[in-house]
Amino acid sequence: MLKFKSLISRFLAIFFVSTLSVYSQTEGTVITIKSDDNAPVINKHIYGHFAEHLGRCIYDGFFVGDNSEIPNTNGVRNDIVEALKKLQIPNLRWPGGCFADTYHWKDGIGPLDQRPTIVNTWWGGVTEDNSFGTHDFLNMCELLGAEPYLSGNIGSGTVQEFADWVQYTNFAGKSPMSDLRKENGREEPWKVKYWGMGNEAWGCGGNMTAEYYANEYRKYATFVTDWENTGSVVRIASGASSDDYHWTETLMKNVPAKMLEGVALHHYSVIDWNNKGASVEFTEDQYFGTMSEALKMEELVTKHSAIMDKYDPEKKIDLVVDEWGGWYDVEKGSNPGFLYQQNTMRDAVLAGSTLNIFHNHADRVRMANLAQCVNVLQAVILTKEAKMILTPTYHVMEMYKVHQDAKLIPINFVSPLYIYNNKSLPALNVSASKDSKGLVHVSMVNVDSKKANKIEIDMNELGVKSITAKVLTSKTLQDHNSFDNPTKIQPADYKGFEVKKGKLVVTIPPFSVVVVEGK
Ligand code: AHR
């Protein structure tokens, strides 16, 4: 059977630039991966992040103020900037989340001592002093080399306020808002491309119906323009919660395609909103539950994409998963409104699997934002005073960055099963790409909590001569990096593979992530 499939894949290679065949040996399942010239590029913006005015993400996270003893540039921690640059973070979404629809951007510009305070009603009821505002965020994005993605206020703002923000940040010529920007010390516009048209309009963004929001969207989108008619503004509609397909259908049906560049989708991997479970001391049952929710992303992006295809068959409009990740109970002793949680190997498996799903849907999913970047939910970075740690999720994103802007190698894949308590999930997920230098990368995740799985990859048609691999693994699923042991989990060179007659056989340990590079 294996030989037969291999012959088929060789035959297909006559028509395709390159072909990989992948076989899972344990179950005898044959999986074929083929690449073709028409395959999409994996948009680097799938690797976006999210920074809300929530808990310790901005204040006491990114931003410590320029009087801090922690090394900083204009108040932004240098160690965080360095770590995120290493990730090649492509974009950063701000200021929310739910906070976005309470935020009035003019409160966060001008002299610090004249900025009004507001109460952050969504997140802990803390007083926001607006000391971190538009200039701080957009200058920070420049430091990071990341595109800013601003979420505008539709829930409690006005069309004029939103349009003014676009003019303030983007207009080079003379205008009331660009003059104000210059008065505040910034001559050149930042040219912000990505604009969120409100957030979760079905919930914290105004509790609107899909039909009402579609009308609101049309009104706001009329005035959210790039001010210089270069078509460089990407308007992203507030999207569905998980499987609310009616939301996506209503938007696509009622908003003219020329007014819409992206449609959002939010999905959190939560077992039970009333009983989310601990971030570290979780059971296998909870692990299975989290992964069931995470792997649901496959069905969600497939079905939302199918709806978008009906109205936009040329796939001009992006599906933007601008909030995703695991959500657990807050760490004991922390403010319940601050959503501070630890990050374990469970999160590494979740991140690797989700990114594989996004890659394999690169034809429509062109942007995504992990929730959130620092000290909130499935963070890539945690801080405690001057200390900073990189989480297992950070390491997955670092290992996977090789896929950014690489050409997808499509996968036909039937996985063996991870069976737990008479329930099952696909044990393996895989994605592959070829970058501009011709390097092939295959990222593989074994979700199974106990059993190693083997994958056989036929690389004969790819002209691959040498293989290297990295693994992220640990002894227990609950393992994590801590401030006392910050490097317990980190990627390591991996030798758990062998090459037989040009075929690569990789062993993927339980609950681990492996990335293979072929050149
Ligand atoms: O990421 C935390 C919150 O989750 C966001 O503010 C909101 O958009 C979502 O419900």
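Can you pull out every residue in the stretch 76-101 that is surrounded by fewer than 23 Cβ atoms within 10 Å (Cβ to Cβ) and within 16 Å of the ligand (Cβ to nearest atom)?
Selection gives C98 alone.
Looking only at strands (runs of 3 or more DSSP E) that fall completely inside the stretch 336-430, which ones have 1 or more residues that are among the polar types (S, T, N, Q) and surrounded by fewer than 24 Cβ atoms within 10 Å (Cβ to Cβ)?
Per the criteria, 381-384, 423-426.
Would a scan of the stretch 138-148 turn up a residue that is within 16 Å of the ligand (Cβ to nearest atom), under 23 Å from Y340 (Cβ atoms), among the hydrophobic types (A, V, I, L, M, F, W, C) and surrounded by 18 or more Cβ atoms within 10 Å (Cβ to Cβ)?
No, the conditions are met nowhere in the stretch 138-148.
E228: surrounded by 14 or more Cβ atoms within 10 Å (Cβ to Cβ), within 16 Å of the ligand (Cβ to nearest atom), of a type in the set (D, E, K, R) and touching a residue at least 24 places away in the same chain (Cβ under 8 Å), yes or no?
Here the answer is no, as E228 does not meet what is asked.
So how many residues does the stretch 474-519 have that are aliphatic (A, V, I, L, M) and farther than 21 Å from M397 by Cα?
The qualifying residues number 3.
Out of all the residues in the stretch 337-347, which are within 16 Å of the ligand (Cβ to nearest atom) and either in contact with a His (Cβ under 7 Å, 6 or more places away or on another chain) or under 16 Å from E52 (Cα atoms) (or both)?
Correct list: G337, F338, L339, Y340, Q341, N343.
Every residue, every condition in (1) more than 21 Å from M367 (Cβ to Cβ); (2) among the hydroxyl-bearing types (S, T, Y); (3) surrounded by fewer than 19 Cβ atoms within 10 Å (Cβ to Cβ); (4) modelled with pLDDT of 95 or more, yes or no:
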{"residue": "G185", "(1), (2), (3), (4)": "yes, no, yes, yes"}
{"residue": "D244", "(1), (2), (3), (4)": "no, no, yes, yes"}
{"residue": "M252", "(1), (2), (3), (4)": "no, no, no, yes"}
{"residue": "V263", "(1), (2), (3), (4)": "no, no, no, yes"}
{"residue": "F282", "(1), (2), (3), (4)": "yes, no, no, yes"}
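Any idea how many residues of the stretch 473-495 are of a type in the set (D, E), more than 15 Å from S512 (Cα to Cα) and surrounded by 15 or more Cβ atoms within 10 Å (Cβ to Cβ)?
Result for the stretch 473-495: 0.
For every residue, the table says whether it meets (1) closer than 25 Å to W165 by Cβ; (2) touching a strand residue (DSSP E or B) at 6+ places or on another chain (Cβ under 7 Å).
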| residue | (1), (2) |
| --- | --- |
| A264 | yes, yes |
| E281 | no, no |
| M297 | no, yes |
| D309 | no, no |
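Among the numbered conditions (1) aromatic (F, W, Y); (2) more than 16 Å from the ligand (Cβ to nearest atom); (3) within 30 Å of L295 (Cβ to Cβ), tell me where Y213 comes up short.
(2)
What tally of residues in the stretch 55-113 results from selecting those that are free of Cβ contacts under 8 Å to residues at least 24 places away in the same chain and not in a loop (DSSP other than H, G, I, E, B)?
5
State whether the residues of the stretch 354-368 include one that is at negative phi, within 14 Å of the ligand (Cβ to nearest atom) and not polar (S, T, N, Q).
yes
Inspect the stretch 452-467 for any residue being of a type outside the set (A, V, I, L, M), part of a strand (DSSP E or B), crowded, with 18+ Cβ neighbours inside 10 Å and modelled with pLDDT of 95 or more and give the result as yes or no.
Taking every residue of the stretch 452-467 in turn, none turns out to be of a type outside the set (A, V, I, L, M), part of a strand (DSSP E or B), crowded, with 18+ Cβ neighbours inside 10 Å and modelled with pLDDT of 95 or more.
Yes or no, residue by residue, for (1) within 16 Å of the ligand (Cβ to nearest atom); (2) touching a Leu at 6+ places or on another chain (Cβ under 8 Å):
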site	(1), (2)
Q114	no, no
W123	yes, yes
S131	no, yes
L150	yes, no
N153	yes, no
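From the set of residues in the stretch 182-205 that are in contact (Cβ under 8 Å) with a residue 40 or more places away in the chain and among the basic types (K, R), which is nearest to the ligand (Cβ to nearest atom)?
K193
Which condition number does M208 fail, the rest of (1) within 16 Å of the ligand (Cβ to nearest atom); (2) within 20 Å of N369 (Cβ to Cβ); (3) crowded, with 20+ Cβ neighbours inside 10 Å; (4) not small (G, A, S) being met?
The failed condition is (2).
Conditions tested, residue by residue: (1) of a type in the set (V, I, T); (2) assigned to a strand (DSSP E or B).
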{"residue": "V471", "(1), (2)": "yes, yes"}
{"residue": "K475", "(1), (2)": "no, no"}
{"residue": "S482", "(1), (2)": "no, no"}
{"residue": "T507", "(1), (2)": "yes, yes"}
{"residue": "P510", "(1), (2)": "no, no"}
{"residue": "V514", "(1), (2)": "yes, yes"}
{"residue": "E517", "(1), (2)": "no, yes"}
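Could you check G277 against (1) out of contact with any helix residue (DSSP H, G or I) (no Cβ under 9 Å at 6 or more places or on another chain); (2) outside any helix (DSSP H, G or I); (3) not aliphatic (A, V, I, L, M) and say which number it fails?
Going through (1) out of contact with any helix residue (DSSP H, G or I) (no Cβ under 9 Å at 6 or more places or on another chain); (2) outside any helix (DSSP H, G or I); (3) not aliphatic (A, V, I, L, M) one by one, G277 breaks only (1).
Take T169 and tell me if it is more than 16 Å from the ligand (Cβ to nearest atom), of a type in the set (V, I, T), farther than 12 Å from H104 by Cα and at pLDDT 95 or above.
Yes: the conditions hold for T169.
The values are calculated or read from the model by the stated rules, or taken from the named source; none is laboratory data. Quantities reported herein were computed from a predicted structural model and do not represent experimental measurements. All Cβ positions, glycine included, derive from the backbone under ideal geometry; neighbour counts span all protein chains shown.
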